[in-house]
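The values are calculated or read from the model by the stated rules, or taken from the named source; none is laboratory data. This structure is a prediction, so every number in the text was calculated from the model and none was measured. Neighbour counts are summed over all protein chains in view; Cβ atoms, including those assigned to glycine, are modelled from backbone coordinates with ideal geometry.
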Protein chains: 2
Amino acid sequence: MPVTASSRIPALKNIATRLRIESVRATTEAGSGHPSTCCSAAEIMAAIFFAEMRYDPAHPEQPDNDRFVLSKGHAAPILYAAWAEAGIIDRASLLTLRRIDSDLEGHPTPRLPWVDVATGSLGQGICAAVGIALNARRISSDYRTYVLLGDGETSEGSVWEAAEVASLQRLDSICAITDVNALGQSQPTPWRHDLDALAARWRAFGWHARIVDGHDLPAILEALDEARGTKSRPTMLLARTVKGKGISFIEGKNGWHGKVLKKGDEVDKALRELESQLVPEEAPLPAVPRPKQVPRPPAVDAPPAAPPYGRGEHVATREAFGDAVARLGAADIRIAVLDADVKNSTFTEKFEQQHPDRFYENFIAEQVMIGAAMGLAARGAIPFPATFGAFLSRAYDFIRMAAISHLNIKMVGSHVGVSIGEDGPSQMALEDLAMMRAQPNVTVLYPCDAVSTERLLALMAYHPGPAYLRTSRPKTPVIYGPDDVFRIGGSNVLRRSAADVATVVGAGVTLFEALQAYDTLRQDGISIRVVDLYSIQPVDGDSLVGCARETHGRLITVEDHYAAGGIGDAVAAAVADEGATVHRLAVRDVPRSGKPEELLDRFGISARHIVDAVKQVAV
Amino acid sequence: MPVTASSRIPALKNIATRLRIESVRATTEAGSGHPSTCCSAAEIMAAIFFAEMRYDPAHPEQPDNDRFVLSKGHAAPILYAAWAEAGIIDRASLLTLRRIDSDLEGHPTPRLPWVDVATGSLGQGICAAVGIALNARRISSDYRTYVLLGDGETSEGSVWEAAEVASLQRLDSICAITDVNALGQSQPTPWRHDLDALAARWRAFGWHARIVDGHDLPAILEALDEARGTKSRPTMLLARTVKGKGISFIEGKNGWHGKVLKKGDEVDKALRELESQLVPEEAPLPAVPRPKQVPRPPAVDAPPAAPPYGRGEHVATREAFGDAVARLGAADIRIAVLDADVKNSTFTEKFEQQHPDRFYENFIAEQVMIGAAMGLAARGAIPFPATFGAFLSRAYDFIRMAAISHLNIKMVGSHVGVSIGEDGPSQMALEDLAMMRAQPNVTVLYPCDAVSTERLLALMAYHPGPAYLRTSRPKTPVIYGPDDVFRIGGSNVLRRSAADVATVVGAGVTLFEALQAYDTLRQDGISIRVVDLYSIQPVDGDSLVGCARETHGRLITVEDHYAAGGIGDAVAAAVADEGATVHRLAVRDVPRSGKPEELLDRFGISARHIVDAVKQVAV
């Protein structure tokens, strides 16, 4: 492809102009949006979409298409305009931007088949690009990943997590472009047009960095060409641009971020200016090059394996997870694991040992770990990012965007609750259930033993959409056998009699406290129902309602989690129409260091507290 | 202070050795902890605490003390050992490490008066150090801020957010040290001992960076001296160290992270080796230099001002917040505001205009915004970090640690819920209430109009501990007058009669939907109670229980938030013992772009849905 051929430049220039025109029209029609942000990127977009990328406009699902991520998601209108130019969407639809009946949303989401990940929270697209590029390696494709960032966006620390991982992984299939228009939302960026300062950062993080005039099409094409030829390192093109380029009265002006041109004289003047920039074309632009088509066998879900545990054996669920995911990885090449330097605590090192090519180390950088998982999931992998549950909170904005994107990421959080013991509160996940449950489409599972861990892991792997598995640090006895059945949205009643005075709902380590309370209460002639609520979202409403009705409307929940947003709230919501009472045992203060059993007792979630609660509500 | 005087070196060397000995003893006694991580930092700690920092060991509250932040919080034992050496704590107490009855926790927390912020989630301490250094400027103190990082920790993106802000703010009072021991938790760090690569990064981010042998005390002292003389730029000392230094059989070995020396032969051998490293001292070490004492007037809470709004006026709560915080800032110099380049959306630009010296711009970097607020709060400021509520999720791990630290940070999230409209789900906070409520000590307030915003802002400013104010984008009518009373943990019943068939609980924009539903139902002769639940945590349990009892045990909640963890769950928890039913109207799917009123209706939280719910439960 003779990308430097000058004959195509006028046609590309006209595309850039048309992208500006469509962006201005659409945002004015919508009454909101970011036309100035689109205008600075017009030549970059024209070059990438019509002279650089290889893709089949009719087949977004083609796995070898080059990928494009709009990390500066607020420039969505120019992305949509590029698709219209490529014939992917109808040009007339561009004027439906931001309407409730249109999929052309204010920021791109995967409702649109060409969008891999929702963007609009800055600094995330480049993390997803890392995962998309890793996926190319996983499926042995030569597709390249392009990602367009804003310059203000590079203040986000997540960008530098992505920079590091892309460099360590030698992802030379990534070509990132920063649209350096020197203006943020509310003020100039700190570096304005000091592109050398920006280039020094990327180089210090191991990237090939090149400065380019972002409105000079031959220069952009040459830079893209150079990026394509750069091996062992990702490339960052730092494009010097002017915000609002092409519209004289907003060019480079602060105060035009997220502001549309008013209908009437203002927009008419802008469109006249832009239209006057159309030039005669020397030659028609060749069609977009198609990717190589590589035949691949269809993916098949692995059949469930029998968990190799005997009842009464003591195994931590975190370790059972490590074994289970390694086993699943042997049966299904889509399974991938991502770590943030805790693989010897989460036991993902077992996966690494068996499947090093699908194990991605991010070092201590949780945002890019989740972001890369988002990218992998978007391209067909089934990624399991795993760290301490507490540190998933570091990536909550990414989890939020993964949920918005309905991505198939399978998060695993270990070391949850006060039961981790001596390391203290900074290492204890006590809000992870709340955080995950708040996202309406995240499946939340919480096994108590090795068998349920193995079963739930297999279920979550093949359940579409984001999911979270909560594992624990202490060893717990295996209580389930190979024939016990689990389902997403299910629960197990472990103790039941017609004389039950109340239902106690536990999960994970508290289930064993509940079973111990059952034994103690039996000695006093008191029967309780005990439920293992291994699926926190969706929750087994039918069973819980049934238990409530059969145990005098008395429910007691007990969780190694803070009181708000966890099991107590999930159970209360499930029985909200019943008029039942829900007594919640949970961690109600910031905990501290101590032995696990001391902490369970000190913070009110041990067997003794369950016994007291039963006697209080039911006797 | 002649820091290069060689006569003090043997005494400092012995301190380093004793710090190692105490760290080994304490962790072995505790049975868990990170002795190897302590050993690499021993000379650095000895130099900082006994030859560099100015502080009064008897007076942690002295505002001009130099500050030290242990960003690598897992090295807590050596921090405690340094305090014992300084006479701050009793040496014998070191052996209580990690016990439930000891405040010497596994990772440092502000239970200890010398700890400003809890650490243990990596990459946060340096963000707090930025705020601590900004505070020195605020109170015109010359105190310096020292912060010790691990090398693995610098993979965290938040470190680079701090790097950028410290550089932009020219915080030359910060001296950071990275303990480059080349080993992470589960493997060598990516750069091992390539200190030039690390130095290039810090220089590219505008810091003075210097490489130093981290076990060479004269070299460390000289580097600290140079840092103290470096103006307009923060300094990063990159200290080449050996993990486990001083204990021959663990030195530089992978697999010794977070592993203690076993009682018996193993620890005895280590202690013998360390003790053999004690040397004769040439001269006694001079006492730690004391800081300059600067008299300062005591802080006084500002009296509440009358909100300047008339009933029926239309004002967005986000704008009312901007005005209120600017007014409060005029009355109290402790009030500070932090932004992440959205000041023209959150309206903190009003504060910037009036109090530019207490307005801290972080550009698009929410983690350091919250982290710096933590540091400011730790040193007596009352900081208001404000951004879109959605983007506070970016800093959730910081919020978690701020809660563990019980810090006085006052977070403000704007643009919440589907009522922001066209920008789409990436910009909508729909999990912020869940996220904040999950932390047991975060106060959560949600005003519906300008008057309640002003009142709640003043209340939160002077309520100790972390707090969150949720503001909205749309303009809403002022419904409160200057005499209406608000309190943390309160609520207002706006419509009430003896004939009420149900209670509808709203807050923010949904309150107006509830009031509209009230009017509609009245036309059908149906009375409902309407509650403004402006305090979400703590919640007004007494009033809610009273309403439940007086309205047939029927509660309906309506919130511009996802269903889990928000107002519905808060209300259900408050009435959990009542046997009431709680019908929850909330956003149950990932929303999309559209007009605010269209989205309120599409996602089930408009007046029409409230009317339907009332008829369903009560008619």
Hey, among the residues in the range B:285-295 that are surrounded by 13 or more Cβ atoms within 10 Å (Cβ to Cβ) and not β-branched (Val, Ile, Thr), which one's nearest to B:LEU328 (Cα to Cα)? B:PRO291
Determine whether A:SER140 is at pLDDT 95 or above, assigned to a loop (DSSP other than H, G, I, E, B) and within 30 Å of A:VAL294 (Cα to Cα). yes
Go through the range A:350-381 and count every residue that is charged (D, E, K, R) and part of a loop (DSSP other than H, G, I, E, B). 1
Pairs with Cβ under 7 Å, 6+ apart, first in the range A:88-106 and assigned to a loop (DSSP other than H, G, I, E, B) and buried (at least 19 other Cβ atoms within 10 Å of the Cβ), second polar (S, T, N, Q) and at pLDDT 95 or above: A:LEU97/A:THR27; A:ARG98/A:SER32; A:ARG98/B:SER593; A:LEU104/A:SER93; A:LEU104/A:THR96; A:GLU105/B:SER593; A:GLY106/B:SER593
What single numbered condition from (1) of a type outside the set (D, E, K, R); (2) part of a helix (DSSP H, G or I); (3) modelled with pLDDT under 95 fails to hold for A:GLY579? (2)
Tell me, please, whether a residue that is over 22 Å from the mean Cα position of the chain (by Cα), of a type in the set (Phe, Trp, Tyr), farther than 21 Å from B:ALA372 by Cβ and more than 14 Å from every other protein chain (Cβ to nearest Cβ) can be found in the range B:441-461. no
Is there a residue in the range B:373-382 that is under 26 Å from B:LEU122 (Cα atoms), within 14 Å of chain A (Cβ to nearest Cβ), among the charged types (D, E, K, R) and out of contact with any Asp or Glu (no Cβ under 6 Å at 6 or more places or on another chain)? no
What pairs come out if I take residues in the range B:484-500 that are in a loop (DSSP other than H, G, I, E, B) and pair them with residues that are basic (Lys, Arg) whose C-beta lies under 9 Å away, six or more apart or interchain? B:ASP484/B:ARG455; B:VAL485/B:ARG455; B:PHE486/B:ARG455; B:ARG496/B:ARG529; B:SER497/B:ARG529; B:ASP500/B:ARG529
I need the full set of residues from the range B:157-216 which are closer than 20 Å to B:GLY244 by Cβ and hydrophobic (A, V, I, L, M, F, W, C), in order please. B:ILE177, B:VAL180, B:ALA182, B:LEU183, B:TRP191, B:LEU195, B:VAL212
Scanning the range B:245-275 residue by residue, those under 20 Å from B:ASP194 (Cβ atoms) and either among the small types (Gly, Ala, Ser) or touching a Phe, Trp or Tyr at 6+ places or on another chain (Cβ under 8 Å) (or both) turn out to be B:GLY252
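Being of a type in the set (Phe, Trp, Tyr) and surrounded by 24 or more Cβ atoms within 10 Å (Cβ to Cβ) is the filter here; which residues of the range A:352-380 pass it? So that I can check it myself, show each step before the final result.
Kept after step one, since they are of a type in the set (Phe, Trp, Tyr), are these residues of the range A:352-380: A:359-360, A:363.
Passing the criteria: A:TYR360, A:PHE363.
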Filter result (surrounded by fewer than 24 Cβ atoms within 10 Å (Cβ to Cβ) and under 23 Å from A:TYR518 (Cα atoms)) within the range A:569-583: A:THR581, A:HIS583
Check whether at least one residue in the range A:431-438 is away from chain B (no Cβ under 14 Å) and either touching a Pro at 6+ places or on another chain (Cβ under 9 Å) or in a strand (DSSP E or B) (or both), and report yes or no. no
For the range A:559-576, give me the residue count where each residue is part of a strand (DSSP E or B) and more than 8 Å from every other protein chain (Cβ to nearest Cβ). 3
Of the residues that make up the range B:584-596, is at least one surrounded by 18 or more Cβ atoms within 10 Å (Cβ to Cβ), within 17 Å of A:GLY579 (Cβ to Cβ) and free of Cβ contacts under 8 Å to residues at least 40 places away in the same chain? yes
It is to be established whether one or more residues within the range A:590-597 are closer than 26 Å to B:LEU104 by Cα and either in contact with a Phe, Trp or Tyr (Cβ under 8 Å, 6 or more places away or on another chain) or more than 14 Å from chain B (Cβ to nearest Cβ) (or both). yes
Show the residue pairs meeting these rules: Cβ distance below 6 Å; 6+ apart or different chains; first residue within the range A:169-198 and at positive phi; second residue of a type outside the set (Lys, Arg). A:ARG170/A:SER232; A:ALA182/A:PRO188; A:ALA182/A:THR189; A:ALA182/A:HIS193; A:ARG192/A:ALA182
Selected residue (criterion: farthest from the chain's Cα centre (by Cα)) from residues of the range B:294-349 that are assigned to a helix (DSSP H, G or I) and among the basic types (Lys, Arg): B:ARG327
If you check A:ILE556 against the conditions, is it outside any helix (DSSP H, G or I) and within 11 Å of chain B (Cβ to nearest Cβ)? yes
Assuming A:GLY120 fulfils every condition listed in (1) within 12 Å of chain B (Cβ to nearest Cβ); (2) of a type in the set (Gly, Ala, Ser); (3) part of a helix (DSSP H, G or I) apart from one, which condition is it? (3)
Set A:ALA133, A:ALA163: member being surrounded by 24 or more Cβ atoms within 10 Å (Cβ to Cβ), under 26 Å from B:ARG170 (Cα atoms), touching a residue at least 24 places away in the same chain (Cβ under 8 Å) and touching a helix residue (DSSP H, G or I) at 6+ places or on another chain (Cβ under 8 Å): A:ALA163
Looking for whichever is more than 20 Å from A:GLN427 (Cα to Cα) and away from chain B (no Cβ under 11 Å) here; the options are A:GLY579, A:GLY541. Which one fits? A:GLY541
Given the conditions (1) of a type in the set (A, V, I, L, M); (2) outside any strand (DSSP E or B); (3) buried (at least 24 other Cβ atoms within 10 Å of the Cβ), and given that B:ILE479 satisfies all but one, which numbered condition is not satisfied? (3)
Have a look at A:SER393, A:SER426, A:SER414, A:SER419 and point out the one that is among the hydroxyl-bearing types (Ser, Thr, Tyr), touching a strand residue (DSSP E or B) at 6+ places or on another chain (Cβ under 9 Å) and within 7 Å of another protein chain (Cβ to nearest Cβ). A:SER393
Is it the case that B:LYS231 is farther than 30 Å from B:VAL416 by Cα and either among the β-branched types (Val, Ile, Thr) or surrounded by 12 or more Cβ atoms within 10 Å (Cβ to Cβ) (or both)? no
Per-region count, the range A:189-221, residues within 30 Å of B:SER345 (Cβ to Cβ) and either at the interface with chain B (Cβ under 10 Å from one of its Cβ atoms) or assigned to a helix (DSSP H, G or I) (or both): 8
Do we find a residue being touching a helix residue (DSSP H, G or I) at 6+ places or on another chain (Cβ under 6 Å) and surrounded by fewer than 19 Cβ atoms within 10 Å (Cβ to Cβ) anywhere in the range B:522-540? no
Does A:ILE139 fit the bill of being crowded, with 24+ Cβ neighbours inside 10 Å and away from every other protein chain (no Cβ under 14 Å)? no
